[in-house]
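The values are calculated or read from the model by the stated rules, or taken from the named source; none is laboratory data. Quantities reported herein were computed from a predicted structural model and do not represent experimental measurements. In this analysis, Cβ positions are derived from the backbone assuming ideal geometry, glycine residues included, and neighbour counts consider all displayed protein chains.
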Amino acid sequence: MWGIISDIALIVVGGFALLIYRLQERRKISEAASLIVMQVEELQKRMREIKTYICDGQLNATAFYESQLLFKTDYWDKYKHYFIRKLDSFSFGTFDEFYNCACDVLAQQELMKNLQRNDFYLDQQTLMNMEANLLLQTVNYISHNPVDNDKVVDGIMSACPVEMKPEQKNAIINFLKQSVNANRVNDMNAFWSIYNRDRKIVIDAFNQKAFTSYTPIQIKSSLEKALNQFDSIPIIGCDGYKKLKKVANRRF
């Protein structure tokens, strides 16, 4: 008797465990479908936005720099194994084509952003090198054009008492000249004035695009090709998309 009850209990417990497992797996599939559906809708929106980055046959570099990457996780690639037997071959192929196209656009977007980052880095390196050269040039100029020693001595002597005897005055002047000549003084005010003036010229040149910014024409060509292909993919209208949306909306 107790053996029968024990067997029944095991069957009931096993049945509940199996039911919970099936519900969990079903929930995973619903969540995966939901992520794919949301991403497809978001990609539709982002693709329309990226199309506006090409204006008059030119890429808008600022728009690319400020844009977020098209996506970070390819949910279709991550979860499509759940739907191999649930979608018809046409729908499955449509999703593959849709995401392959999105990946092509993402690759061009990442390439454009990397080129821009490298460009900024090279500009900074060039600017630092030019400033270093300016520093050396200014130091060299100041070292060969020190403060006028006679003006230094005259400035000090102008503060001496008027009633000072000529021989005392001459002795002080000779002492000061010897000291000043032994300790040559560079005019740091002149140094910073010259350096800051030349540095401003360099910075103004950078800000007014002294260097040509080059974007490979292949980026624009590949991007246009992918975007045109993207427009021709009937992802929203295919049966597979409708089925995924239905799976995503189910409660259990």
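Which one is nearest to Glu97 (Cα to Cα) among residues in segment 64-81 that are part of a helix (DSSP H, G or I) and within 12 Å of the chain's Cα centre (by Cα)?
Phe64
Taking the stated definitions as given, is Leu43 of a type in the set (A, V, I, L, M) and in contact with a Lys or Arg (Cβ under 6 Å, 6 or more places away or on another chain)?
Answer is no for this residue.
When only residues in segment 22-57 that are surrounded by fewer than 12 Cβ atoms within 10 Å (Cβ to Cβ) and not in a helix (DSSP H, G or I) count, which is modelled with the highest pLDDT?
Thr52
Hey, among the residues in segment 58-88 that are under 21 Å from Glu41 (Cα atoms) and among the hydroxyl-bearing types (Ser, Thr, Tyr), which one's surrounded by the fewest Cβ atoms within 10 Å (Cβ to Cβ)?
Filtering segment 58-88 for residues that are under 21 Å from Glu41 (Cα atoms) and among the hydroxyl-bearing types (Ser, Thr, Tyr), the one surrounded by the fewest Cβ atoms within 10 Å (Cβ to Cβ) comes out as Thr73.
Can you run down the residue pairs with Cβ atoms below 6 Å, 6 or more apart or on separate chains, where the first is in segment 107-133 and without any contact (Cβ under 8 Å) to a residue 12 or more places away in the chain and over 28 Å from Leu70 (Cα atoms) and the partner is basic (Lys, Arg) and outside any helix (DSSP H, G or I)?
Going by the 6 Å Cβ cut-off, there are no qualifying pairs.
I'm trying to understand the selection: among the residues of segment 190-209, which are among the basic types (Lys, Arg) and more than 17 Å from Asn133 (Cβ to Cβ)?
Lys209
Are any residues in segment 189-243 among the hydrophobic types (A, V, I, L, M, F, W, C) and under 24 Å from Arg46 (Cβ atoms), and if so, which ones?
Ile217, Ile219, Leu223, Ala226, Leu227, Phe230, Ile233, Ile235, Ile236, Cys238
Please verify whether Asp150 is closer than 30 Å to Gln208 by Cα and either at pLDDT below 80 or surrounded by 14 or more Cβ atoms within 10 Å (Cβ to Cβ) (or both), treating the condition exactly as stated.
no
Output the residue which, of all residues in segment 83-110 that are in contact with a helix residue (DSSP H, G or I) (Cβ under 6 Å, 6 or more places away or on another chain) and in a helix (DSSP H, G or I), is farthest from Lys246 (Cα to Cα).
Among them, the one singled out is Gln108.
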